[in-house]
Each structure stands twice: as structure tokens, then as C-alpha cells.
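Reviewing the structure listed below.
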Amino acid sequence: MLTTSLKARMLEAFRIRMYFVTSVIAFVFFIIFVQLINLQIINGAEYEEKSRQNMENNIPIPAARGEMYDRNFKLGKNKVVLVSNRPSFNILTIPAKFETKEKMETTIRTVCRLLKSDADLALKEMHGVNPWERVILKEDVTFETVVTIASHPNVFPNITWEDANVRVYNHQNMFAHSIGYIGAISREEYRDLKKFGYKHYQQVGKSGVEKQYDRMLRGKDGYIRRIVDVRQRTEGEEIGLQPQAGNNIVLTVDYQVQKAAFDALGESRGGVVVMRPSTGEIIALVSKPDFDPNLIISKDNADVIAMLNADEFRPFLNRVIQSKYPPASTFKLITAIAALESEMATPTRTYFCSGRYTLRGYIDHDFYCYDAHGTLDLPWAIARSCSVYFYQLGLSIGPTVIMRYANYFGLSELTGIDIPGEIPGFIPSRQWKLRTFRQPWFDGDTVNMSIGQGFLSVTPIGMCNFVSSLVTNGVMYRPHMVREILSPDNGTVISTIQPERLREIPISQLTLNTVRQGMRLGVLSGTSARLALLPVPAAGKTGTAQTRSRRQDDSTQHAWWVGYAPFDGSPEQAVAVVVFVEYGVAGAASAVPIAERLFYKMYELGYFQ
């Protein structure tokens, strides 16, 4: 019995040990099985890619970005290439190729000394990114630099190069704000754009047409497949995918008119916009101060951008679409339209101007005119820009009607121009003033608003749309910079931008004729009289915006001119022009001469035939 009991206990202990050993073996095999699933199924693609990368080294071939031409590209003459590309080289590396961080840092510092670039900045950029992603260390290097790196692989291990296209802005500053520029894609941009096929190493449009039409311009990158050994030595290579160049773009801009506007504005701060009222095509768009895009498109542009950002005159600011100012006397056209359309005035209504108007109240307040004009009707009040006339006209119709017509013409809205960054103008209201200042609307506010002062602010592009609608009998078109999109070989028109109606303002022919007559008289014998000798009949309105609440010297005043030509032609012939000069003394002094040069140039080019 004792023997049998002992054997039973030994067998039980053996079974327990067997269960334990079997369980351990089963657990080990389970772990192996799970790991196989992980390696083969869950992360199989990743490890396959790493294995392939140990054998292959795919070098991207950046696609050439599409070129840009001025509006005359297909006319057989004056084919101006505004933006093109030139061949160059980039120096790059892949962090994962280095055995240790110390070796990577040593190599990066060595190559950066050769490239004369910031090694700390390069190492910072490499930190926190996918180590298998290529990092560009220097763009646009010489062939001699490439030869130096290629001939010293022991000094520069894992440093490679690629062919690259460098963007060339052929007319430097002239199109800085309209065409814009490109730059390295930021991490924030990459997060938003990678779903559209963008790569972290690519450049993207940062402003202007370059940004708005980036997906049309950028093309599709190709790559070279290089077969390498364990030491990353190339054993063979082949083209894996040919790059596909981006589409080319024909702008609505005329190089000759753009140059005339650029030269005429000179060193003044301000903006000029020229537009076809019947289509919304932008013929010229200039903003100053400006910058040379060629200086800021490289990877090592931080110092240049910092200098431009620190400039108190804000050269990056597109003053045509991103700045708003008091419209001054150009707004008198709105006041006139509001009075006529509301039937609270007629073209023959007269007021007397002694050079000053006194608004009676608890405290009388004087409002001035630049001259004593005597008795004037509405067309002559527009021509002579008589403020006393419009003080009284504005008070007679009230602020609500004026605000309503300013909003009808979209002066408080975006025009929708096809370059990014546009801001709207501002038209006040009684409710806005009560909310903002906890004050009611006063008659003095109406007096100021009637002549384009006070709380009003407009953009030059908004005023251009307004003037254009006077030419087209109240029809307003969306301004646009692009005319056609072409295939990379220019053989196929992919799309043509058609005129797009924004709104149609119901406005009577009597009102249009009265306002146009006043603008024409302003050219014949009014504040725009310098334009009377033009070879094409023009019509327009000057404006001098006070920038201080108290009367100051002329240097604190902005200058406007808005108008069009020909006065007696069809809407299809007409060209609208808006000139704005910051601290330009007066519209007649600085804005009108710029408009004069533009009209002479456009007449010479046959725009009014």
C-alpha cells in the first residue's frame, strides 16, 4: 500500500511538471505565432518597405513647376514669360542611414561647413521627423559642390544630391504681390496637404497666384530607383517614374501695363489696379513697398524674411486687397447715386458753397471745403469735388440710404479676386456705432460719411469693382488674375476662366448718366483736369483722405483717383483704373499723374481701339 501510494504521488508530481512544461512551450509558441502575425500581417508592409529600402534607394525627381505668361502669350507678339524654372541641385540626407546620432551630427556639421549653412537648424529640422524621410540640407547648389561631395564619400557619408528646378521670377519685384512666391512646405501646411499627395520636401505657393493655383502648377514628382549594397554603394539604377511637369498659366495681366504702373508708382507707398469692367480681368496690379521673390524662395531665407517682416512699411502687405482706407471724395459718387436713386434729389439740385458749412447744434461745428465754389448743381459738384455740396446733400437724404447703396455696391464685402488674403471694406451702421461706442449716430457722422470720411474704409480692389459697375450699367464681375490654364507643352487649353457675375445693381440710366457726366466734367475742367489732353476721353474722380481727426499738413493725407476710359465707348472697350497713394498729399497731385501715364501706355498698346 505504501509503495502504491508513493508511486501515485510521484505520478501526480510528474503530471504537474508536464503540464507546466507544456504550458510554457505552448506560451512560447503562442508568442512566436503572435509575433509572426505582427511581422507578416499587421506591420508586414512597414518591414517589407524597410527591407526594400535596405536594398533600394529611391531618389525623387522633383517635377518642374508650371510657367506663367502674360495675357498676350498666344497673340504671336510680346510673349512675356513672367515665371520660369532653371536647373540646379539640392543636397540632402536620410537620417535613418546613419548608424548613430553622433555620426549623423558629425557628418551634418561637416557638410554644413562646406555648404555655408546653419548646422544647428538642419539638425533641429531632422529631429522628430520620420527618420526614413529625406531632409534637404541646401537648395540650389553649384555643380562643383556636388562634385566635392561625390568625390569624398568617406568625409560625407549618406549625403546625396538630386536634380532640382529653381523658380525664377523674371521681373523681380514687379509682380511680387500679384504672382506671389513659393517656399518650403511647413509642418502645418503638410498636415493639411498630405492627403492631396504633397510631400514634406516639396515647395508650395505662399501667396498670390502661386498659392491660389498651386495644385495646377506643381506637377507630379518622379523617382530614380537605385539598387545598393549593405554599405549603401550604388550597384545600379533606373528611372522608376518619370516626373510630370505642372500646368502652365496665362495671366490676365499685361506686362507692359504692369510695368507702366510699377514705374509710375515709383518709390511711393500705395497700390494700382487696372481692370476690364466687362469681364473682371485684372490687367495690372501693383503694390508698394515690394520685395524680390527670388531672394526668399530658398531654404536659407530666414534672415531675408525676418528683415522684410521687421520693415515698418510692411513690404509683404498687398495694399490693393489687404489694406483699407477712407475713400475720401471718391465716395461722393455713392452719395450722389443714393440721392438720385432714392429720388431725394435731382441732377439740377443746387447748393451754395462759401468754402465752409456750419452744422447747427448744441455746439455749432464748422466743416470745410478746399475752395469757395459758389452755386453748383450735382454734376459740377462731382467735377469740382465740392464738399459743402455733399455735406448738405448727405444730410438731406440721411445716413441709412447712403449706407444701403454703399452695401449694394459690395464695398463692405470681399470681391472674391482669385489671389488669397483679401479683406473686406467697412460700411458703418447706426447699430454698429451704438454697440461699439455706446453713442447714437449724430448728424456730424452723416456729414463725414457723405464725403467718404469718418468710420468708412474701403479697399482699392473694392473701389475698382464699384467704378467698373458704373461702366457696365450696374453689372459687377468677379475680378480675376488667370485667363487660361495650359498643358505643360502649351499644346492644350485645359480650362479658360469665364467672366463671373457677382451682382447686378438696379440703377437708372438717369443716375448713371449724371454720375458719369460729373466724372467727365472732372477731367475736362475739374480736379482731374490734367487728364483732359489724353488721346482717349477719360472720366474720373479724385479723393484726398484725411488721416487725422484734426486738420494737419498735407503730408498726412492719402491720395485717390478712380475712373475709366473711354468715356464715350462701349463697356467692352472700357478699362477701369484705381490709384491709391499713401500720404500722397492730394488726389490731383499724386494719383492723377499715375493714371495719366497708364492711359497713355494703354492707348499706345491699342486698348481703346
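Read-outs throughout are calculated quantities, based only on the coordinates presented, and are distinct from any laboratory measurement. Note that the structure is predicted; figures quoted are calculated from it, not measured. No Cβ is skipped: glycine too gets one built from the backbone with ideal geometry, and neighbour counts run over all protein chains shown.
Can you figure out the FRET efficiency of Asp366 with Asp568, using R₀ = 41 Å and their beta-carbon distance, to the nearest 0.05?
0.50
Residues whose amide H lies under 5 Å from that of Ala538, counting only those 5 or more places away or on a different chain, are Phe567; hydrogens are built 1.01 Å from N in the peptide plane.
Please report the relative contact order for the chain, taking Cα pairs under 8 Å with a sequence separation of at least 6, and give it as a percent rounded to a whole number.
Working: 1256 pairs, mean separation 83.5, N = 609.
Taking the mean separation of contacting Cα pairs over the length of the chain, I get 14 percent.
Straight-distance candidates among the lysines for linking to Lys116, with alpha-carbon spacing under 18 Å and chain neighbours fewer than 8 residues away dropped: Lys124, Lys138, Lys299. Calculated mean residue ellipticity, 222 nm, the chain: -10500 deg cm²/dmol, from DSSP H runs (n ≥ 4) at -39500 (n - 2.57) each, averaged per residue and rounded to 500.
The angle between the Cα long axis of helix 332-341 and the main principal axis of the chain comes to about 70°, on a 0 to 90 degree scale.
Looking at segment 55-245 from every direction and averaging, what is the projected area of its Cα convex hull in nm²? Could the numbers behind the result be given before it?
Numbers: hull surface 50.2 nm².
Projected over every direction and averaged, the Cα hull of segment 55-245 covers 12.5 nm².
As a calculated quantity, the FRET efficiency between Thr556 and Asn473 at R0 = 45 Å, using C-beta atoms, amounts to about 0.75.
Amide H contacts for Val166 (H built 1.01 Å from N in the peptide plane; partners 5 or more residues away or on another chain; cut-off under 5 Å): Arg86, Ser88. Highest mean packing first, where packing is the average number of other Cβ atoms within 10 Å per residue, the peptides 569-577, 594-602, 109-117 line up as 594-602, 569-577, 109-117.
Could you work out how much longer the chain between Thr110 and Glu12 gets when fully extended? Use 0.36 nm per residue separation minus the Cα distance between them, nm to one decimal. Show your work: numbers first, answer last.
On the way: separation 98, 0.36 × 98 = 35.28 nm, distance 7.08 nm.
Length gained, Thr110 through Glu12: 28.2 nm.
Give the aspartates and glutamates reachable from Lys601 as a straight Cα distance under 14 Å; neighbours fewer than 8 places away on the same chain don't count. Answer for Lys601, where 14 Å is the Cα cut-off: Asp254, Asp263, listed by chain and number. Once the Cβ-Cβ distance of Phe29 and Lys195 is raised to the sixth power relative to R0 = 56 Å, the FRET efficiency obtained is 0.85. Direction-averaged projected area, Cα convex hull, the chain: 44.3 nm², rounded to one decimal. For the peptides 193-199, 283-289, residues were scored by their other Cβ atoms within 10 Å and the scores averaged per peptide; the highest-first order is 283-289, 193-199. For Asp290, no residue whose modelled amide H falls within less than 5 Å of its own remains once neighbours fewer than 5 places apart on the same chain are excluded.
Quick one: helix 44-55 against the long Cα principal axis of the chain, what's the angle to the nearest 10°, folded into 0 to 90? In the chain, helix 44-55 runs at an angle near 90 degrees to the longest axis.
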